[in-house]
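Here is the structure we will look at.
Here, each number is a calculation from the coordinates, and none is a lab measurement. From a predicted model like this one, the values you see are computed outputs, not experimental measurements. Cβ atoms come from the backbone with ideal geometry, glycine included; neighbour counts cover every protein chain shown.
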Amino acid sequence: MDEEYDVIVLGTGLTECILSGIMSVNGKKVLHMDRNPYYGGESSSITPLEELYKRFNLPDSPPESMGRGRDWNVDLIPKFLMANGQLVKMLLYTEVTRYLDFKVVEGSFVYKGGKIYKVPSTETEALASNLMGMFEKRRFRKFLVFVANFDENDPKTFEGVDPKTTTMRDVYKKFDLGQDVIDFTGHALALYRTDDYLDVPCLDTINRIKLYSESLARYGKSPYLYPLYGLGELPQGFARLSAIYGGTYMLNKPVDEIVMEGGHVIGGPLQAAHLRPQLHPGPRPQGAGQVIRVICVLSHPIKNTNDANSCQIIIPQNQVNRNSDIYVCMISYAHNVAAQGKYIAIVSTTVETSEPEAEIEPALELLEPIDQKFVAISDLYEPTDDGTESQVFASRSYDATTHFETTCNDIKDIYKRMTGSDFDFENMKRKQNDVFGEDEQ
């Protein structure tokens, strides 16, 4: 085995596998290691079902009513892909799509006053929605038209709004939108976790709403996609990309120590290590709170979702007197992740009190009856430095959101810290006539 590498990656979570794939395509020699015997780390899909029971230390085996254990692929981190988002772009540019099949998630819903409603994101849906009264619908429709026509490079589309100075709170005031509409716009369309966005310039929010609408327009039912056989397929796809371009993989290989000399990893400037937080040899990444995730096995679709076999539900913070949103991701046997007739709903939120399970009760009530729950409370970590001096680059933990946009932002941030240049999707493209024995498709 070679002893010198440009990049050493520890852990095979999605963040790590995408980075190793990009570095390999760019001609770097990559060593990728994981202490686990499987790919995916925190972003893996657990199979068979018996393995999930063991992982959560449940004393019993799955009952016969759960079907065959090998029919289950249960995600530990619940997330969907925005159809027009950054991760889909990464999949397309690297052609990792050739290893995966996707289905459109059937619906996106928002919680208001104890009930759930379809998220209106087009002019037609806004006028038909039960979320708003007649006059509110007209105002919201005007707001959606403004967002759809907005072009940050064309001042004629600004309508008196300065995207760099006007806050989103002021934009809402301009269109006279009520609190409930502000809630689902900021949290179910722009997908913010908190209300901090209200008092910063509005450009990012407008672009987020545009992304939601453009993603929805691609396939119609919702803006989200989900891979058959679970999210664990994603890191495996990017790992395969890295291997095709000469990357070396070692599973079941724990790392005891990273040798440092003079405050940095031994080697030249390209000998960087990208790590999960637990293996950081310098100052440990600082804690950034906790997230609770509850995997719920159901024998029925969620009520008031038109019997959808997959959906997302967002419970905006203000609806349940919290500081951050509660999310529900639901997939089912239709995605080859559960036995016939079974559904998997995963509830997640940022922990705010000493009783995390009580915090998610509003979401669990929407799912009743629940056949089995698996509860996990995880620490969130973020890097304490940029890694340029030590050449050790730590990633952030996966947050409570049900999409991959924040994960992709972390990947782009690490890429810039490692290489010193801005992330460019063009650098992810496979080289023409350079497929290492793979059949062209």
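State the extension gain, in nm to one decimal, for the chain segment bounded by residue 100 and residue 214, taking 0.36 nm per residue of separation less the distance between their alpha-carbons.
Stretched out fully, the residue 100 to residue 214 stretch lengthens by 38.8 nm.
Report the dimensions of region 1-126 along its three principal axes from the alpha-carbon atoms, largest first, rounded to Å.
Computed over the Cα atoms, the extents are 59, 48, 27 Å.
Rounded to the nearest 500, what is the 222 nm mean residue ellipticity of the chain from helices alone, with -39500 (n - 2.57) per DSSP H run of 4+ residues and division by all residues? Kindly include the intermediate steps, with their values, before the conclusion.
Working: 12 runs with 118 residues, N = 441.
So the helix-based figure for the chain works out to -8000 deg cm²/dmol.
Looking at region 204-244, which chymotrypsin sites (Phe, Trp or Tyr not before Pro) are in a loop (DSSP not H, G, I, E or B) and have at most 16 other Cβ atoms within 10 Å?
Details: sites: 212, 219, 224, 229, 238; in loops: 229.
Hits after loop and neighbour filter: 229.
Viscosity 1.306 mPa s, temperature 10 °C: give me the Stokes-Einstein translational D for the chain in µm²/s, with Rh taken as the Kirkwood radius over C-alpha pairs.
69
I want the antiparallel fraction of DSSP beta bridges within the chain, as a percent rounded to 5.
Taking every DSSP beta bridge within the chain, about 70 percent pair in antiparallel fashion.
What is the calculated FRET efficiency for residue 145 to residue 406, with r their C-beta to C-beta distance and R₀ = 22 Å, to the nearest 0.05? Write out the running numbers ahead of the final one.
Details: r = 28 Å, r/R0 = 1.29.
Between residue 145 and residue 406 the formula returns 0.20.
For region 327-375, compute Rh as the Kirkwood radius over C-alpha pairs and then the Stokes-Einstein diffusion coefficient at 25 °C and 0.890 mPa s; write the answer in µm²/s, rounded to an integer.
Values: Rh = 12.0 Å.
Rounded to a whole number, D works out at 205 µm²/s.
Rounded to two decimals, what is Rg over Rh for region 302-388 when you use alpha-carbon atoms and the Kirkwood radius?
1.05
Give me the one-decimal Kirkwood hydrodynamic radius in Å for region 363-433, with the sum taken over alpha-carbon pairs.
Details: mean 1/r = 0.0640 Å⁻¹.
After inverting the pairwise mean of 1/r, the radius is 15.6 Å.
Once you have the Cα-Cα distance between residue 57 and residue 154, take 0.36 nm times their residue separation minus that, and quote the gain in nm to one decimal. Numbers along the way, then the final one.
On the way: separation 97, 0.36 × 97 = 34.92 nm, distance 5.75 nm.
Contour length minus the Cα-Cα distance gives 29.2 nm.
Using alpha carbons only, what's the Rg to Rh ratio of region 113-240 with Rh from Kirkwood? Write down the numbers at each step before the final one.
Numbers: Rg = 16.4 Å, Rh = 16.0 Å.
Ratio value, two decimals: 1.02.
So if I take the alpha carbon set of region 72-117, get Rg, then get Rh from the Kirkwood formula, what is the Rg over Rh ratio?
On the Cα set of region 72-117, Rg over Rh gives 1.09.
Given a Förster distance of 60 angstrom, what is the FRET efficiency for residue 413 paired with residue 307, based on the Cβ-Cβ distance and rounded to 0.05? Before the final figure, lay out each step's value.
Values: r = 40 Å, r/R0 = 0.67.
Given R0 = 60 Å and the Cβ-Cβ separation, E is 0.90.
Tell me which of 415, 49, 213 sits at the most positive position along the dipole axis of the chain, charges placed on C-beta atoms (Lys, Arg +1; Asp, Glu -1).
213
What does region 121-162 give for Rg and for Dmax, in Å, if only its C-alpha atoms count?
That works out to 11.9, 35 Å for Rg and Dmax.
Per the Kirkwood treatment, what hydrodynamic radius in Å, one decimal, follows for region 321-441 from the mean inverse distance over all distinct Cα pairs? Could you put the intermediate results ahead of the total?
Details: mean 1/r = 0.0541 Å⁻¹.
Value: 18.5 Å, from the Cα pair sum.
Fully extended, how many nm does the chain gain between residue 89 and residue 68 (0.36 nm per residue separation, minus their Cα-Cα distance)?
Value of the extension gain: 4.0 nm.
Hey, with R₀ at 41 Å, roughly what FRET efficiency would residue 165 and residue 376 work out to, going by the Cβ-Cβ distance, to 0.05?
Numbers: r = 42 Å, r/R0 = 1.03.
The calculated FRET efficiency here is 0.45.
Looking at region 129-203, which trypsin sites (Lys or Arg not before Pro) are DSSP coil and have at most 11 other C-beta atoms within 10 Å of their C-beta?
Passing sites in region 129-203 are 164.
Cut-off under 28 Å on the C-alpha distance; same-chain residues fewer than 8 positions from residue 412 excluded. Which lysines are left, in chain and number order?
Correct list for residue 412: 28, 29, 79, 89, 103, 164, 210, 253, 429, 431.
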